[in-house]
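Below is one structure, written out as structure tokens, with a few remarks after it.
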Amino acid sequence: MVNLTATDALFLDAWEPVSDLPVWQWVQENIVLGSDSELKRMDFDLVPMHKFCFVKFAEARLRRFTMMVAAQSGKTSVNLGYAAWKVRNKPNDCIWYADNAQKAKTFYKLKILPWLENCSAVKGMIPKARDKKTNTLIQFDSMNLHILGAEAKGNRESVTAFEIWADEYRRWPKGAGTAIDNRFKTIREYKKFVFSTAGDENDELHNEWKSGSQHLFFWTCPHCQHKQTFRFGREATSLYPEARECGGFVWDTNEVTKPSENTYNFPELEKTVRYECENKDCKYRFKYSERFQLIKTLEPIQMNPLADEDNVSVHWWEAYMPWAECAWGKIAVKFIKATYAAKTGDFEPLKVFVTETLGEPWRVPVKAQFTRGKVLERCGDYSVGETWDVQRDLSGRPSVCHVITADIQHGYLYYVMRQVRKLEFGGGSRLIDCGKMPWFDDLRAYQMAKKVDSGCVYLDCAYKPNEVYEACTAFGQWIDCSPLQHKSGRWWTGWRPVTGADNDYFNDVVNGIAIRRPWRDSNRDINIGKSGHARQIRVWEISKSHYRSRLFEYALPGLLPGWEIPQNIPNEYVEQMGHVTKRPKTNASGQVVDEEWHESGRHDFPDCEQFQLAAVDIGGWR
Ligand SMILES: [Zn+2]
């Protein structure tokens, strides 16, 4: 018997013959799940959807696999399990794309590396030398595994691979996925694995999913034998275009679960949550404890008969998952809370529920198409110039705030003035006045007459930016502020230049926390006037698409409570609202691939109203 040194043992381990176990079985035997998992190993009885993925992954013909699923779906574990299997059994160069470089770095450190080190079959293959193991690349003897951010063009063009994983695809920049496809399409063995929570209806992820097999997981009702998926509600959604009469999540609303109009007893409500069979002759209501009986009958069924056989897509969501956080009672409570927020005009929690709990694409509640009558439905019981009374909170702060937004067009300043009321005083935003005036001096005089704070005046600087900057630096000053108020420690008190950007959102860091939001501000150095003396100015950028949507798909349809226009609103305002529409964008075969905003005439007032909605976010006045 020869004593093996540690190095020999690693060497032998690394060169064990390639396994001929099916991928799912290899993963089950070799992968130990991290401490953040409720399971130690993958359990395909509890989560049969994962086994389906591994079986499909292993098919030689597979080219595309798209998982559009809930946040808690085990999607990352499935793809990491496959990655580990590849390193060991079928090595070739691969790229793991996170949506940005920061996420890629964190993911490498906290997920990929510990995951591979935790797998004894792969551990010995991880290079020891530091230069073979950087944040962006692990150089195994047999393959390179790159870990990159998809937002940088260089990362999409400089590296070649046979297989790529596209993590959180919904957050990729527009066109990035297609750019990668075009680059790799000549590689015969190219495989693309997309896995993500859902984004917006008809975005790139949704289209990628639609082009695939659209496998859904059906269970069989033991009482009526009807096969059905878990589907949360009854209304039509992007995934289920037909409404239904019965079926889905149900719960009791009574004096125990909802003691008053605005209070719920969630622990009691959770106990009453059931899943109703969608067969109207059955309507059996399953308890959560019966869930596993249904999971045992799951079978994947392809919903898209036209898909190429090498293009597989799957969907499942939290109701299918065994984790404690995905218990049916918890899901219902998340929904109730999100719906409650939507009633106050905050749709973000509902969007998070749909995209991350249901794993379904978000569909805007109302399509933008505004006739005169529709716009006039927003008329409140007041006339131009009539304001709400000012009240004070306990600290003496006023209940309302006036905001002026203005847009330069064709030698005029179009403006909208609104009064915004704090939520604790009933919320809402009413248009007080709108119109056009010749130039900045007139706007200044108007602002003073109406006693509006300079910091609540927003001027579009997309057109004639230098003149706008000059006007904005004329009335105001820099003052010191706490870094909590602004990270720069400086506050600008004057008019604010604002501009629409093509971004859907911006990444920013606020008080040390990375956030995404539809606006950002940045300080710029500019030269003012003929003397050209340098000054610093703060410019606000807002997402055009976000605030267009907020105006035309939420405010005008009446989904933002208390968002009003006066009875005698000028005709031009009403007409301009009809000039902006959203149109489906189709490809050569007539399939809807995206939607885009379209303007068919002047849109100064819509622009001013978008800035108004942004100003509320920027000022934190909701
Ligand atoms: Zn049934």
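The values are calculated or read from the model by the stated rules, or taken from the named source; none is laboratory data. Computed from a prediction, not measured in an experiment: that's the story for all the values here. As a convention, Cβ positions derive from the backbone with ideal geometry for all residues, glycine included, and neighbour counts pool all protein chains shown. Heavy atoms of the whole protein, side chains included, go into the accessibility calculation; ligands, DNA and RNA do not. Shrake-Rupley method; radii C 1.70, N 1.55, O 1.52, S 1.80 Å.
Listed values, structure above:
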item	result
Accessible area (Å², 1.4 Å probe, nearest 10) - residue 289	100 Å²
Tail weight of P(r) past 18 Å, computed on alpha-carbon pairs of the stretch 359-486, percent	66 percent
Size of electric dipole in the stretch 372-619: Cβ of Lys, Arg +1 and of Asp, Glu -1, about Cα centre, debye, nearest 20	400 debye
Top positive-direction residue, dipole computed over the chain with Cβ charges, set 327, 263, 584	327
Chain lengthening between residue 410 and residue 507 when straightened (0.36 nm per residue, less Cα-Cα)	31.5 nm
Three principal axis lengths of the stretch 372-619 [C-alpha, angstrom, descending]	52, 49, 41
Charge dipole of the chain about the Cα centre (unit charges at C-beta), most positive-ward option of 313, 219, 24	24
The chain - accessible surface per residue (Å², probe 1.4 Å)	47 Å²
Under 18 Å from the residue 599 label point (7 Å along Cα→beta-carbon), backbone N, the stretch 482-512	498-504
Of all accessible heavy-atom area on the chain, the percent that carbon and sulfur account for (1.4 Å)	50 percent
Relative contact order (%) - criterion: Cα under 8 Å, at least six apart; region: the stretch 372-619	22 percent
Positive-end residue, the stretch 372-619 charge dipole about Cα centroid, Cβ charges, pick of 413, 611, 563	611
Debye, to nearest 20: dipole size of the chain, +1 on Lys, Arg Cβ, -1 on Asp, Glu Cβ	620 debye
Spin-label pair residue 533/residue 157, simplified geometry with 7 Å Cα→Cβ offset, distance in nm	4.4 nm
Sites residue 325 and residue 271 - FRET efficiency at Förster radius 25 Å, r taken between beta-carbons, to 0.05	0.90
Under Karplus coefficients 6.51, -1.76 and 1.60, residue-wise ³J(HN,Hα) of the stretch 466-474 in Hz, glycine/proline x	5, 5, 5, 4, 4, 4, 6, 7, 5
Cross-link reach list, lysines versus residue 296, counting only Cα pairs under 16 Å and skipping chain neighbours closer than eight places	51, 227, 287
Qualifying lysines (Cα of each under 22 Å from Cα of residue 133; at least 8 residues distant if same chain)	86, 90, 103, 105, 109, 111, 123
Neighbour-limited loop hits for GluC sites (Glu not before Pro), the stretch 261-336 (at most 15 other Cβ within 10 Å; DSSP other than H, G, I, E, B)	261, 309
Nitroxide proxy distance, nm - points 7 Å out along Cα→Cβ at residue 252 and residue 381	3.9 nm
P(r) weight above 37 Å for the chain, C-alpha pairs, percent	47 percent
